[in-house]
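The values are calculated or read from the model by the stated rules, or taken from the named source; none is laboratory data. Remember, it's a predicted structure, so these values are computed and weren't measured experimentally. Positions of Cβ are generated from backbone atoms using ideal geometry, with glycine treated the same way; all protein chains shown enter the neighbour counts. Side chains included, ligands, DNA and RNA excluded: accessible areas come from the protein's heavy atoms. Shrake-Rupley method; radii C 1.70, N 1.55, O 1.52, S 1.80 Å.
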Amino acid sequence: MNFAEQCNTIFHRAVRDYHITDNVNAPAPNPYTTNSVEHDLYKKNWIDTVQWHLEDIIRDPHINPAEALEVKRRIDRSNQDRTDLVERIDTYFLEQFQNVKPQPDAKLNTESPAWAIDRLSILHVKLWHMREQTERRDADAEHLSRCRAKLHVLEEQLDDLTKAINELLDDYEQGTRVMKVYRQMKMYNDPTLNPVLYKTDNK
């Protein structure tokens, strides 16, 4: 099994496991060995799945403003956790390919492998929920037809992205692409970089 297919298996399992309780506060039943890349991949998708539902919750037009603020702050923390985890997965790839000498004409890629895998993870969450829409009994035929068409596009995208990630990893292994990672350096959660935070601390 290639790496992207392994990701697909883990992501599908994580989305399925979340929907057993369908509760944003439920603990993640991560079945993989701690400190393994499989554990990180499962955790990554669990974060994405929970955040999908938090984004739904905050769009409730009747939500209490205080609750909305807490959910928004939770989404911010989730985004930081997601970024940290993606960078941890990229570190795994840097270690995997550290002894590969790039060829003289090796090309750069627009994103690191872990950020491509981030998109693959989110795509699994979209697929789950679009498939739910195609099975609704309270929706009209037009809605179901439109969602089936969207589901078909998402499935095609899954196949293409899976193939593209595997090809990217093959290119790294063969030295035809340069494995290079830029850290995100998000500023809004950093109390030393966000002026709203550091100016508040100095008052």
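Structural remarks
- Only a single item in (1) under 26 Å from Gln157 (Cα atoms); (2) under 18 Å from the mean Cα position of the chain (by Cα); (3) not aromatic (Phe, Trp, Tyr) is not met by Asn2, and it is number (2).
- Within segment 121-154, the set of residues being without any contact (Cβ under 8 Å) to a residue 40 or more places away in the chain and under 30 Å from Phe97 (Cα atoms) comprises just one member, Leu123.
- Of the residues making up segment 1-37, those that are in a helix (DSSP H, G or I) and surrounded by fewer than 16 Cβ atoms within 10 Å (Cβ to Cβ) are Glu5, Gln6, Thr9, His12, Arg16, His19, Ile20, Thr21.
- Evaluated against (1) touching a helix residue (DSSP H, G or I) at 6+ places or on another chain (Cβ under 9 Å); (2) among the β-branched types (Val, Ile, Thr); (3) surrounded by fewer than 16 Cβ atoms within 10 Å (Cβ to Cβ); (4) part of a loop (DSSP other than H, G, I, E, B), Ile57 falls short on exactly one condition, (4).
- Any chance Arg131 is under 18 Å from Trp52 (Cα atoms), surrounded by fewer than 17 Cβ atoms within 10 Å (Cβ to Cβ) and in contact with a Cys (Cβ under 9 Å, 6 or more places away or on another chain): yes
- Residues that are outside any helix (DSSP H, G or I) and of a type in the set (A, V, I, L, M, F, W, C) within segment 94-130 comprise Phe97, Val100, Ala106, Leu108, listed in sequence order.
- Residue within segment 67-89 that is surrounded by 13 or more Cβ atoms within 10 Å (Cβ to Cβ), touching a strand residue (DSSP E or B) at 6+ places or on another chain (Cβ under 6 Å), in contact (Cβ under 8 Å) with a residue 24 or more places away in the chain and polar (S, T, N, Q) present: no
- Residue among Ile75, Ile63, Ile89 that is modelled with pLDDT of 95 or more and not in a helix (DSSP H, G or I): Ile63
- Filter result for Glu142 (exposed (fewer than 12 other Cβ atoms within 10 Å of the Cβ) and in a helix (DSSP H, G or I)): yes
- Positions within segment 38-54 being open to solvent by less than 20 Å² (accessible area, probe 1.4 Å) and among the aliphatic types (A, V, I, L, M), in sequence order: Leu41, Val50, Leu54
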